[in-house]
Amino acid sequence: MPAALFSLAAIGLVAAVVTSCSLLNPASPTETVTDASGQASEVDWADYPGEGTLDPEDVLAAPRAEDVEAHAEQVLADLQAAVDAQQPGLAWSRGLEGGVYPHEGNGYGGATMHRTLNSAEVLTTEVPQDWPATVAVVEAALAEHGYGPVQWDFEREPYPEETAEERDAEIRSTNGSLDAAQMWQWMGNANDGSMWVTVMLVDVDRGVGAPADAEQVTPRMLGFMVGGTVISAADEQAYRDGVAPFEGLERPAPTHS
């Protein structure tokens, strides 16, 4: 009897381990598709070479990984020149250097060809006083490169899991006020498909001022950084071929972290 009990316990333990593994590594989503001839086949999203949150057409429209850092440097130079034309004599410096980095997975248990650009930061600690006027010249320079207007964090809609009141409380905590003219920092992104430019304006004495415990290394700053999701030129045809079976399908929510 003890041996039999041990065997049953062992079987139960194995089942628990298998169940735990399946929860940690869920099956990737699959779908049945029908071609023009009426032939049905199954596609597995683990084979998708992109990621569920990104439109492959946007990625294909972006610069290739081999060229995207040069693109970023040109955008940063033009932004700096636009601000200098409005307010000459600012002292600029470079913050953290960037690079192009591979992604770990496609969100469905498979690999992705996507890579992320995080450019170098370009910044000045001599912040212009008229933030809306500065933003206007920045957005004009961004438009020359195809980017839309800056979407500020404080203008966001509530997340699905939060109320408008909770959103307002978070903005007030982060920016000091719900009134943009009284905020001590503005942070946002201008987008062009899978590319974006981050714009940062900080002045701890502006408006209501920053709280004493604000985690801000630089008390005053105007800064820019370019980012994006791209593929390499060598991967382009394989990427096009890989996303083709999934065209017209709604990309499911990611199932793997």
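Given in Å, the Rg to one decimal and the Dmax to the nearest whole number for the Cα atoms of segment 18-106 are 22.3, 67. Shown for segment 132-198 is the translational diffusion coefficient from the Stokes-Einstein equation, using the Kirkwood radius over Cα pairs, a temperature of 10 °C and a viscosity of 1.306 mPa s: 122 µm²/s. For segment 180-257, the list of GluC sites (Glu not before Pro) that fall in a loop by DSSP and count at most 13 other C-beta atoms within 10 angstrom reads 215, 247, 250. Using heavy atoms of the protein chains and a probe of 1.4 Å, the accessible area assigned to residue 183 is about 0 Å². The Rg/Rh ratio for segment 114-257, using Cα coordinates for both the radius of gyration and the Kirkwood hydrodynamic radius, is 1.05. Accessible surface ranking for 154, 224, 1.4 angstrom probe, highest first: 154, 224.
Once Rg and the Kirkwood radius are both taken over the C-alpha atoms of the chain, their ratio Rg/Rh works out to 1.11.
The portion of the accessible surface of the chain made up by carbon and sulfur, rounded to a whole percent, is 54 (1.4 Å probe; DNA, RNA and ligands excluded).
With the Cα gyration tensor of segment 88-191 giving a ≥ b ≥ c as the square roots of its eigenvalues, does the rule (a/c under 1.5 for rounded; else a/b larger than b/c for prolate; else oblate) give rounded, prolate or oblate? Judged from the Cα gyration tensor, segment 88-191 comes out oblate (a/c at least 1.5, b/c at or above a/b).
Looking at segment 154-257, the trypsin sites (Lys or Arg not before Pro) that sit in a DSSP loop and have at most 16 other Cβ atoms within 10 Å of their own Cβ are 156. Converting phi to 3J(HN,Hα) with the Karplus coefficients 6.51, -1.76 and 1.60 and the offset θ = phi - 60°, segment 76-81 yields 4, 5, 6, 5, 4, 5 Hz in sequence order, with x at every glycine or proline.
Positive contributions from Lys and Arg (+1) and negative ones from Asp and Glu (-1), summed over other residues with Cβ under 12 Å from the Cβ of residue 147, come out at -4.
Annotation: residue 60 carries an accessible surface of approximately 20 Å², with a 1.4 Å probe and no ligand, DNA or RNA atoms counted.
Here is the list for segment 63-153: GluC sites (Glu not before Pro) lying in DSSP coil, each with at most 16 other C-beta atoms within 10 angstrom of its C-beta, are 66, 97, 104, 126. In square angstrom, rounded to the nearest 10, how much accessible surface does residue 256 have for a 1.4 Å probe? Per-residue accessible area (residue 256): approximately 40 Å².
The values are calculated or read from the model by the stated rules, or taken from the named source; none is laboratory data. This one's a predicted model, so the numbers in the text were calculated from it and none came from an experiment. FYI the Cβ positions are ideal-geometry reconstructions off the backbone, even for glycines, and counts take in every protein chain you see. These accessible areas exclude ligands, DNA and RNA; they are computed on the full protein's heavy atoms, side chains included. Shrake-Rupley method; radii C 1.70, N 1.55, O 1.52, S 1.80 Å.
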